[in-house]
Structures are given as C-alpha cells and as structure tokens.
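**Student:** There's a structure below that I have some questions on.
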Amino acid sequence: MENATLMDEYGYVKDGKVFLKGYLEYPDRQIGEVKRTEQEAIDYFKNRFTIAESKVAQLEEEVAEAQNKGSYLTKLMQLRRKLIGFDAIGDFIPLLERLDKAEAYLTDLIYSNQLKNLEIKRALIEDAKTAAAIEDWQKATDEIQEVKAKWIRTGPVDKEYQEEVETAFQGVLDDFFQRRRDFFAEQNRVIQERIDAYERLIKQTKQLNWGNDLDASYQKARDIRQAWNTIGEVPPKKFFKINKAYRHFLKLFYDKYNAAKGIEPKVKVDPRVLEQQKLLAQAESLLKNENIVVAAEQAKVLLSKWKDIKIPFKLVDKDMAEKFRSTCDKIFELSYLARVIHRKYPAFELKSEEEQLRTQIREMEWLVKRERSDLELATQSTESMLTGDEEQDKQLLGKLNIQKRKVAMKDRILREFQRKLDSLS
C-alpha cells in the first residue's frame, strides 16, 4: 500500500488503480481503475458492497422459508466463491462468517435427513422383499410399484451407504421381475402348447370329412372330443376362435354322418341358454303391453333374472344379450315418456292417434335435447377424471356408456314415432 494516493478502511487507490485490502488468507486484490476521480472510484466500489450484503441476506431468507432446505447448500457454496472474487470495497469477513454459519446449519440438517432417509430406505427394502414374496403376481406387482414410488420420493442417503442400499433395493426388484418374466414365459409356453394341441385336433376333425369309413371316423370324432376336453384352459378370446373352428368342422362331419345314416339329430341347448331365450321372449312380450309403466316394473325383474344366469363365456350369445338389453332399454324409455305425458297431458288418451304421435315426438325431442346436453357434460367430466387405473376408469366409462345408450334409444324411438306419423299422412 506504499505510495497509495487515497486510503479507505477496506481499500485504496494506487497508480490510478483501485485495490481491495487483503483479509483472512486473501491478499490485496485489484478490483478496478480510476475513471474520473479517485474518490468517485472508491465510492463506486463501496456502493457495490451493498450488492454482496443483499445476496447473503436473500440466501438466508430463502433458507429460512424453504421446505427443502438441503437443496440450498450448493447455492451457498457458489455464493461464497462469488463473494471471494466480488469487486467491491467493504468488510467481507462478517458476510463469510454468516455463510459459514448457514453452511453448518444446512450440513447438520442434511446429515440428519440422510440418516432418516437411510432408515426409511432400509425399511423399504424389507417392504419390497415382503411384496416380492406374494404369490399373486398382480398383487405383488402393484405393491412393488407402490414401494418403488416411495423409494423415489425418499431423499438421498450419505454417500457411504448409497451404493449399499441402492444395490440391495435394485437386487430385490431385479429378482422379482426376473421371476415374474420366467413365470409368464412358462405360462405362455404352456398356453402355446395347448393351442398347438387344439389346432392339431382341429386338423384331425377337418380330415374326418375326407374319410370313406364313416363308422371309423365317427369313433375317431369321439376320441378327438375326449382329447379336446383334457387339453386345458387357454385365454377366452383365443379359445373362442379355436372352439368355433373345431365345432364348424365337427358339425360338417356329423351332418354328413347323420345324412348317410338317416339320423334326425336333436339339437341340445344348454338350459341356461334356454332360460335366456325365455327371458328375451318375455321382454319382447312386455314391449307390446298397453300399460308400459307396469311393463317396466316387470322388465326390471327380468333384467335381474338375466344377471343371475351365470353362463360360460363360450356359450354366450352376444346378439341375444344385446337384443334383450335393447328391448329392456326401450321399455324403460317408453315408460319414462308415458309418465311425463301422463303428468303434462291428463287428456292424452282422448287425442287422435296423429295428435298422440305429435305429442310423443315433441316430448321425446325435448328429452333427447336435454340428455344430449347432459351427455356432453358427462363426457367432459369423465375425460378429466380418468386416472389410468384400469378398474376405476372402467367404472367411469361404464356409467358414461349407460348415458350414451339412453340417448341412442330415445333417438331410435323418436325415429319410430316419426315413421308412424308419416304413414298416417
């Protein structure tokens, strides 16, 4: 500082250059040059010191208010490096001491959190082991994914233990998912073997139609049927296609056999299918009932009985089921319309057929318009509520489909009314 032309408590000017006096282990350092006068230069760099003070104060305030305080340790280290090289004149020691104090606080806090995280992660490893031991693969997978989500949300542990816990946890997951892959690979192998066995029998059944010895072929068909029933289960959708082909070729052979032997076959129908046919006939009869409101109450009973019939997937007649559901829907919609008209038009029965149809069309148009509006809102609401959870989303979409069916049935009834009215013109 010899030959300095202007001195300040924490800085000075020498040879037209501005210096910050050394402090702690840091030597004197040039921080600028005199542009106009030496005093202006000193004052400029003294004013810049307020920037350093505000940066430290801001960091302290952010740490005090933050939820995740540990994340500020890196920011604190960066600020310390900037302060040491910051071009300003002032007392940097108190600022660095405040950072040291904040660093000690954050370091202790991080250490405490890391110990807590270590305890949590070790517990999660045990939870993962328990979940991995569950025999139900779907349930086990769901619980494993839940444990994994908790693991991800848990903060880091001390570097000394990081590799240990990460390796242990990943080991449990790797073992579980490998066993699951092996299980389903074996299951798929078994299923494919069964499908291959079914297809071989289908081929043999197809070949029955080419043989000349019908009696031998008939016995072969019995053997094939017996073998068919011992193969084992495959996924319903695949079995439906396979079983359809098998029954097709088997029917061709039996038709050929019966024709040659002069046999009139008796078609066997599952009693549960017969019961469904009976319920459908009753529903169609109710649709013709003059008192549609009473018919609707009876249709509810039929609907309940239909649901109680537990029928195997391979015997399900989708067309009949849809026809029954549609018939009941039509009864319910006509019943609702009848109640609306009875309430609003006490003398409805006294109107001519044409006037009755016009009234029904007018009221049904209003109902359709209202329910379409409700359906649009329900669709938007459902789309916003979908979570990706298969079971929950299935329930939401199921309710929406019911509303869609109601609107579609009202539209259908409205068209029928219009056709009747047109025929009277």
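**Student:** Test each condition in (1) within 30 Å of Gln178 (Cβ to Cβ); (2) surrounded by 13 or more Cβ atoms within 10 Å (Cβ to Cβ) for Gln138 and report the one that comes out false.
**Tutor:** The number of the failed condition is (2).
**Student:** Select from region 135-188 the residues that are assigned to a helix (DSSP H, G or I), small (Gly, Ala, Ser) and touching a helix residue (DSSP H, G or I) at 6+ places or on another chain (Cβ under 7 Å) and list them in ascending order.
**Tutor:** Hits for region 135-188 are Ala140, Ala168.
**Student:** Right, something else. Among residues belonging to region 266-324 that are in a loop (DSSP other than H, G, I, E, B) and open to solvent by 70 Å² or more (accessible area, probe 1.4 Å), point out the one that is nearest to Ser335 (Cα to Cα).
**Tutor:** Asn291
**Student:** Further question: Can you find, within region 369-425, the residue that is nearest to Lys330 (Cα to Cα) among those that are open to solvent by 80 Å² or more (accessible area, probe 1.4 Å) and among the hydroxyl-bearing types (Ser, Thr, Tyr)?
**Tutor:** Ranking the candidates gives Ser423 first.
**Student:** Against the definition (open to solvent by 40 Å² or more (accessible area, probe 1.4 Å) and under 30 Å from Asn117 (Cα atoms)), how does Met77 come out, yes or no? Break it down stepwise before answering.
**Tutor:** Values: open to solvent by 40 Å² or more (accessible area, probe 1.4 Å): yes; under 30 Å from Asn117 (Cα atoms): yes.
Against the criterion (open to solvent by 40 Å² or more (accessible area, probe 1.4 Å) and under 30 Å from Asn117 (Cα atoms)), Met77 qualifies.
**Student:** With respect to Ala338, is the statement that it is open to solvent by less than 40 Å² (accessible area, probe 1.4 Å), under 21 Å from Leu414 (Cβ atoms) and among the small types (Gly, Ala, Ser) true?
**Tutor:** For Ala338, the condition - open to solvent by less than 40 Å² (accessible area, probe 1.4 Å), under 21 Å from Leu414 (Cβ atoms) and among the small types (Gly, Ala, Ser) - is met.
**Student:** Restricting the search to region 80-95, which residues are crowded, with 19+ Cβ neighbours inside 10 Å and assigned to a helix (DSSP H, G or I)?
**Tutor:** Phe92, Leu95
**Student:** In region 86-116, how many residues are over 14 Å from Asn68 (Cα atoms) and not charged (D, E, K, R)? Give the steps one after another, and end with the answer.
**Tutor:** Step one: of region 86-116, the residues over 14 Å from Asn68 (Cα atoms) are 86-104, 115-116.
The next check asks that each one be not charged (D, E, K, R); those that pass are 86, 88-90, 92-96, 99, 102, 104, 115.
Summing the residues that are over 14 Å from Asn68 (Cα atoms) and not charged (D, E, K, R) in region 86-116 gives 13.
**Student:** Another question about this same structure. Which numbered condition in (1) closer than 30 Å to Ser112 by Cβ; (2) assigned to a helix (DSSP H, G or I); (3) open to solvent by 70 Å² or more (accessible area, probe 1.4 Å) is the only one that Gln67 fails?
**Tutor:** Checking Gln67 against (1) closer than 30 Å to Ser112 by Cβ; (2) assigned to a helix (DSSP H, G or I); (3) open to solvent by 70 Å² or more (accessible area, probe 1.4 Å), the one that fails is (2).
**Student:** Also, I was wondering about something else. Could you list all residues from region 96-115 that are exposed (fewer than 13 other Cβ atoms within 10 Å of the Cβ), under 44 Å from the mean Cα position of the chain (by Cα) and of a type in the set (D, E, K, R)?
**Tutor:** Asp108, the sole residue that qualifies.
**Student:** Among the residues of region 26-38, write down those that are open to solvent by 80 Å² or more (accessible area, probe 1.4 Å) and touching a strand residue (DSSP E or B) at 6+ places or on another chain (Cβ under 7 Å).
**Tutor:** Within region 26-38, Gln30, Glu33 meet the criteria.
The values are calculated or read from the model by the stated rules, or taken from the named source; none is laboratory data. Worth saying up front: this structure is predicted, and the values here are computed from it rather than measured. Because the Cβ atoms are built from the backbone with ideal geometry, glycine has one as well, and the counts that use them run over all protein chains shown. Only protein heavy atoms, including side chains, enter the accessible area calculation; ligands, DNA and RNA are left aside. Shrake-Rupley method; radii C 1.70, N 1.55, O 1.52, S 1.80 Å.
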